[in-house]
Amino acid sequence: MKLDDLLIQIKIKSSFLCIGLDTDMNKIPKFLLNEDDPIFSFNKSIIDHTNKYCVAYKLNTAFYESRGVDGWASMKKTIDYINNNYPEIFTIADAKRADIGNTSKMYAQSFFTEMNFDSLTINPYMGSDSVKPFLEFKNKITILLGLTSNLGAEDIQLKTSNNDYIFMEMIKSSKLWGDHNNMMYVVGATKTEFIQKIRREIPDHFLLVPGVGAQGGDLNEVCKYALNDNIGIIINSSRSIIYASTNEGFAIAAANQAKILQVQMSAILDERN
Ligand code: OMP
């Protein structure tokens, strides 16, 4: 999928919500544990009930890989289900990969070709030759970690070098490796004080902003600084949506949470127009 198609969906749905399918066997409703593939059954219900409120689903691959071969099968069934039934939805493999070029090429093939995700998160700190193999895939989006939402971002990313933050040095260099049509950046919703600075450096790139919901990021605060003339953001929320309830009505509860965010996003978009 191209980012232009994502933008069209954002306008149609008045939503820039991405729902994180961080599906944990210990947190899904107990009655699903009797199913053949509880993880897929859970995802399918969540997807069927929430797709009208969101434009993207992000599968954090750790939640699937941690279950070995069965987890990979659940991930594949989930991505196929989205691609077959809701092809307009943008899909993200949140795997935070990248390695020497030779190996990156294999990661790209795995997530872009075999699994058929539209995009993949990568860790750019091994440099340009570790990122370029991902950028060679047509109509696939490489999402670089920009400034992460966790406390540990202070340990290295927020240290300074050449009179600027290390994460800013990374963005300044990496923005030249591709362009705003094939790259996005992750910026944590808990780090809004840095978003203006990031926007000055990359005014046109889409930002994937996780951290609204369970991590306490504020939607309005993020939008104040991160929206650009072309909207330019998708906001991810995982736990606060998918685990809204653990009873029979879990998917309806998730849809209600997603709708709350979608309505807020719609109001923000109306205000901006
Ligand atoms: P919730 O906190 O449950 O909404 O989940 C956040 C999701 O975003 C998880 O899958 C995280 O791994 C991911 N994430 C962050 O929370 N912080 C980051 O800085 C980057 C990511 C990410 O790359 O998506």
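Rule-based calculations on the coordinates, nothing more; no lab input. Computed from a predicted structure; not experimentally measured. Quick reminder, even Gly has a Cβ in these numbers, built from the backbone with ideal geometry, and neighbours come from all protein chains shown.
Descending by average beta-carbon neighbour count within 10 Å, the peptides 194-200, 113-119 line up as 113-119, 194-200, the highest first. Among the GluC sites (Glu not before Pro) in region 164-273, those located in a DSSP loop and surrounded by at most 15 other Cβ atoms within 10 Å of their own Cβ are 248. In order along region 19-33, phi translates into HN-Hα couplings of 9, x, 8, 8, 7, 10, 3, 7, 10, 7, x, 4, 5, 7, 5 Hz, rounded to whole numbers, per the Karplus curve 6.51 cos²θ - 1.76 cosθ + 1.60 with θ = phi - 60° and x for Gly and Pro. Projecting label points 7 angstrom from Cα along Cα→Cβ for residue 155 and residue 176 puts them 3.0 nm apart.
Backbone geometry of region 67-84 corresponds, through the Karplus equation with coefficients 6.51, -1.76 and 1.60 at θ = phi - 60°, to 3J(HN,Hα) couplings of 9, x, 4, 4, x, 4, 5, 5, 5, 5, 4, 5, 5, 4, 4, 5, 4, 7 Hz, x marking Gly and Pro.
For residue 100, what is the net charge nearby, where nearby means another residue's Cβ is under 14 Å from its Cβ and Lys, Arg count +1, Asp, Glu -1?
Details: positive: 97, 105, 132; negative: 99, 129.
Spelling it out: positives minus negatives among the neighbours equals +1.
The gain in end-to-end length when the residue 272 to residue 123 segment is fully stretched comes to 50.4 nm, 0.36 nm per residue minus the alpha carbon separation.
Residues whose amide H lies under 5 Å from that of residue 21, counting only those 5 or more places away or on a different chain, are 58, 59, 60; hydrogens are built 1.01 Å from N in the peptide plane.
Toward the positive end of the charge dipole of region 3-272, with +1 on the Cβ of Lys and Arg and -1 on the Cβ of Asp and Glu, the farthest Cα among 86, 190, 215 is that of 190. For the set 13/132; 140/224; 138/191; 159/197; 2/76; 105/138, the pairs lying more than 24 angstrom apart at their alpha carbons are 13/132; 140/224; 138/191. Rounded to the nearest Hz, the phi-derived 3J(HN,Hα) couplings of region 166-183 under the Karplus curve 6.51 cos²θ - 1.76 cosθ + 1.60 (θ = phi - 60°) are 4, 5, 6, 4, 5, 5, 4, 6, 6, 5, 8, 6, x, 8, 6, 8, 10, 10, where x marks glycine and proline.
Peptides 156-163, 258-265 ranked from most to least packed give 258-265, 156-163, packing being the mean of other C-beta atoms within 10 angstrom over each peptide's residues.
What's the local net charge at residue 21, with K and R +1, D and E -1, over the other residues with C-beta under 14 Å away?
Values: positive: 27, 44, 58, 67, 76, 77, 239; negative: 22, 24, 37, 48, 65, 80, 94.
Within the 14 Å Cβ shell, the charges total 0.
Using the Cα centre of the chain as the reference point, and only Cβ charges (+1 on K/R, -1 on D/E), how large is the resulting charge dipole? Debye, rounded to the nearest 20.
Numbers: 28 positive and 32 negative charges, 42 e Å.
Roughly 200 debye for the chain.
With helices as the sole contributors, the chain gives -12500 deg cm²/dmol at 222 nm; each DSSP H run of n ≥ 4 counts as -39500 (n - 2.57), and the sum is divided by every residue.
Against the chain, whose longest principal axis comes from its Cα atoms, helix 250-272 is set at around 40 degrees.
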